[in-house]
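The structure appears right after this line, and notes come after that.
The values are calculated or read from the model by the stated rules, or taken from the named source; none is laboratory data. These numbers come from a predicted model, not from an experiment. When we count neighbours, we look across all protein chains shown, and the Cβ atoms used for this are built from the backbone with ideal geometry, even at glycine. We work out accessible area using only protein heavy atoms, side chains counted, and drop any ligands, DNA or RNA first. Shrake-Rupley method; radii C 1.70, N 1.55, O 1.52, S 1.80 Å.
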Amino acid sequence: MKASEFLATIRGQSASAARDAKVVEAARAGGLVEWPWVEVPLKNGRGAFRVASDYVSIGEHYPTRKSNRGDDWVRVPMGGAAAQSIADLVGAVLPSGYMVDLIWDAAELKLRPITFPTAGMMTTEKFVEHHRRIEEQRGGRDGLVAGIKKDTVVTNKLLKKPQATAIYGWHHPDGKPIQPVSTAHGEPWYSDYSHGVRLVAPEMVLDGRTVLVQDVLRDPSLAAVLTGGAAWGARHDAPNDGVLQVVRYGSQPRAPEVAQVMPVASSTPSSGRDLGVAAVEWCLAELAAGVREEPPGSNTSPRIREYLAPARRRETGKLVGLTAGEWCAAGQSAALAAVARPGEYVPHGYRIAVWELREDAKATGAWVPIADVRAGRYRIQRGDLLVSTRGAPGLGHVARVDVPPNDHGEVVTIGANENNAWTRRTRNLSEPELEGVIKYRDYRPVMTLDAPAPANVAARPAPAPSTPSPAPGQSIDAWARGVFLQAWEKEFPGTQPTAQEFQGIMAIARYERMYGHAAKPEAGRGANNWGGVQCPSRAPCKEGCYPGGDKDKAGQGYAACFKKYDTPLDGARHLIQLVTRRRPHVHAALRSGDLLRVGTEMGTKRTIDGKDYLAYHETDPPVYGRNIFHHAKELAKALGQPLAVRLGETTASSSASVTDPPAAVRPVAPTTTPASSSSSNASSMQAGIRAIVASRAPTLARVVVGAPIAPCELAPAVTTGVASSLSVRDYAERVNDYIRALHAIIEEERKIRQQPDGFPWNEWAAFRVSWSEAYFQVSHALIPWFDDSVVKTYDGLSRKWADVVQKHYGRRPATPLLDPPSPIPKAVWYALGGSLAVGLLTRFVMR
């Protein structure tokens, strides 16, 4: 998202709840600038916390890039409520006033405050001008910046004015702040040009231990390291801020029973790490390695036996000694053993039974009943364990949280012993079998692992993602995920792709060349070409290229040469470069999550600041967008991820289920779309969609008219003469109306009585969705190759279904499908029908 696009939505507005809602909406759409995290040391060398190097900003800006020419971004002020929403969105917290001082002390760029007269100080135009003036002063220099804004902070003054926005800072070059701690602005949405939001990482290192920032702020024995104590508060108009009771806007997290004490190997500030997150990454590596039962249903395999071997009974401490058995608890215990350091306090022991994990967690204070989670008294973190009952008393299941719950209660977990393997899937906190959570932060320091890590577990490296192909039993999507993440790390060190970037780029690679593993052409096998990237020269292909074929904008095939890469990592990294650094407009579209926009930007040549960016593909952009969206859904389903991308404004958001069948996308949406009820029917439906979408090519190959597939060959248009687009539109409109009428009859009758025996529902669903998906591509002018034989074939198919419907329901649509009466010349009929169709389409587009 460009800042210019965002600002167009709030131009002329002053600070308000509505403007703040636009800011949060832009952030959720992937519009946040991703600032690097910078370490801020505590006084007396006791540790450090981490902060974003700059203030919350919207737009396109890449701080780690050498040249930022063409960037389009802006620092955005907002009220306290919106600031908290964005902090929650990215898993961050807000600073205290004293932390703002520490940030200024550590800043590499101490810029002078820029002040404006008070007139218009709350307007959009004023904060945009303030941003421009700051950038002039910054002069392109990088690093932790301070002195340019008043920070939104947390303070006990919010106890008396909970709806207010608290601010502090705006330091002069001598370190003295202009603004003391203040809640003078009583509205939760108040902001002006001088305000900014600095995000703080939730964990910090204190005295060699990993602790939560919010816990330290509330701990009477520790808070002074982040609040400055009562003495600092007295000097800055916040005398009660020695120990904070308010650490966020809105409801406060449950107070910790005891400060978290997770020792780290080194006492240096940079050595902090998260035990739960490390365990998640280990589990993902096991998933990518394809660990599963051998044979399925046996509850064992060589790797699973390694999980089971170190498990001990909770009461006696004796080794259990099993070589086969339910292994969900042992798998999660192995993850803990693999990442915990010697002597490190842990939330539970190495167990083989879920009930033992639960009892361990109660003893360490790590157990949270699910009622507390649902009531908002505890927020699930990445790496926590989700415990559920399973059937008979005493049985249970445990899985690790990979993606914390969203606003709909959906949480992504990775669990062992699910479908005989490691599985990543989406669950919901409303599920009745959920029992509680074992938290991996904020527990009592009373337990260490009573067993060493199993052989090859602690030292087991993640599978090498640059292996040329998936391991036996490993899905190609899981393998490609490892390759992609390693390639991303090489291209954007120290960062993680957003869910939209990951699914969008992986979908492109999946669609273009199935991550370099497409079966055709034969010469492309082993070339590691992820993106269908062509060499500059045409055939004969030079060294480093292989021969293949592609289609131009008219759908005509041509010979081409495609690039070879030494490793999958090289192919993946080059694709990432091509759709991010080398095409910033495509990267912006990827970050938005709209794959229809991605298809358009990839198929469009752009000139930005005098620099030309070539189109990536020659396919019709909406068709390309729909294709990669389909692959994104298949990818998400394979990896057990929630769908984070969408297709324009008509498809589901990131909360959509990845198990839904592909949605039909067409110029005029049908009222309802029948769904196929089995995998074979779904494959028939997809084959039909692919065939009809292929209508943009000179030859239509096949059309699904039944399940299993019973193809109907259509004559090549090029051999029988091309009909005018006007006549094709007329045919398309008439057949489409007839199919709609047929579907209306079926749906109406099904609501009254059950489906009659013998009705070929699966065949109808395949044909209906195939038709809806393509609709002759009327609105995209991709129809010059249709001739009379093509449309008459569809007439025939529609008549067939009219006969089927009449046989089972005793009704036939009233919509006429017959050719026009003879007194009216056929050409005149086509012209009239086509004009009407064009008029209807125009009304639809302009609506």
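Being among the polar types (S, T, N, Q) and either crowded, with 18+ Cβ neighbours inside 10 Å or at pLDDT below 90 (or both) narrows it down to one residue among Thr115, Thr124; which is it?
The match here is Thr124.
Output the residues belonging to the range 163-179 that are open to solvent by 20 Å² or more (accessible area, probe 1.4 Å) and either within 21 Å of Asp215 (Cβ to Cβ) or over 33 Å from the mean Cα position of the chain (by Cα) (or both).
His172, Pro173, Asp174, Gly175, Lys176, Pro177, Ile178, Gln179
Given the criteria of a type in the set (Phe, Trp, Tyr), assigned to a loop (DSSP other than H, G, I, E, B) and open to solvent by less than 40 Å² (accessible area, probe 1.4 Å), does Tyr55 qualify?
Taking the combined requirement at face value, the residue satisfies it.
Spot the failing condition for Tyr558; the list is (1) without any contact (Cβ under 8 Å) to a residue 40 or more places away in the chain; (2) outside any strand (DSSP E or B); (3) among the aromatic types (Phe, Trp, Tyr), and only one is missed.
With (1) without any contact (Cβ under 8 Å) to a residue 40 or more places away in the chain; (2) outside any strand (DSSP E or B); (3) among the aromatic types (Phe, Trp, Tyr) applied to Tyr558, the lone miss is (2).
Just checking, which of Lys637, Lys553 is outside any loop (DSSP other than H, G, I, E, B), surrounded by fewer than 22 Cβ atoms within 10 Å (Cβ to Cβ) and modelled with pLDDT under 85?
None of the others qualify; the one that does is Lys637.
Could you please find all residues in the range 65-101 being hydroxyl-bearing (Ser, Thr, Tyr) and modelled with pLDDT of 95 or more?
Ser96, Tyr98
Among all residue pairs at least 6 apart or on different chains, which show Cβ distances below 8 Å where the first residue, located in the range 89-114, is more than 21 Å from Gln214 (Cα to Cα) and the second is part of a helix (DSSP H, G or I) and of a type in the set (Phe, Trp, Tyr)?
Lys110/Trp104
What number of residues within the range 152-161 are part of a loop (DSSP other than H, G, I, E, B) and either in contact (Cβ under 8 Å) with a residue 40 or more places away in the chain or hydrophobic (A, V, I, L, M, F, W, C) (or both)?
Within the range 152-161, residues that are part of a loop (DSSP other than H, G, I, E, B) and either in contact (Cβ under 8 Å) with a residue 40 or more places away in the chain or hydrophobic (A, V, I, L, M, F, W, C) (or both) number 3.
Can you tell me which residue is nearest to Arg28 (Cα to Cα) among those in the range 496-520 that are open to solvent by 40 Å² or more (accessible area, probe 1.4 Å) and either of a type outside the set (S, T, N, Q) or at pLDDT 80 or above (or both)?
Ala499
Would you mind finding the one in Gly79, Gly91 that is open to solvent by 40 Å² or more (accessible area, probe 1.4 Å) and out of contact with any Lys or Arg (no Cβ under 7 Å at 6 or more places or on another chain)?
Testing whether each residue is open to solvent by 40 Å² or more (accessible area, probe 1.4 Å) and out of contact with any Lys or Arg (no Cβ under 7 Å at 6 or more places or on another chain) leaves just Gly91.
Looking at the range 592-620, which of its residues are open to solvent by 30 Å² or more (accessible area, probe 1.4 Å) and closer than 22 Å to Ala518 by Cα?
Selection gives Tyr616, Glu618, Thr619.
For residues that are touching a residue at least 24 places away in the same chain (Cβ under 8 Å) and either assigned to a loop (DSSP other than H, G, I, E, B) or open to solvent by 60 Å² or more (accessible area, probe 1.4 Å) (or both), tally how many sit in the range 290-311.
So the count comes out to 12.
I'm trying to understand the selection: among the residues of the range 17-52, which are in contact with a Ser or Thr (Cβ under 9 Å, 6 or more places away or on another chain), β-branched (Val, Ile, Thr) and either in a strand (DSSP E or B) or open to solvent by 60 Å² or more (accessible area, probe 1.4 Å) (or both)?
Val38
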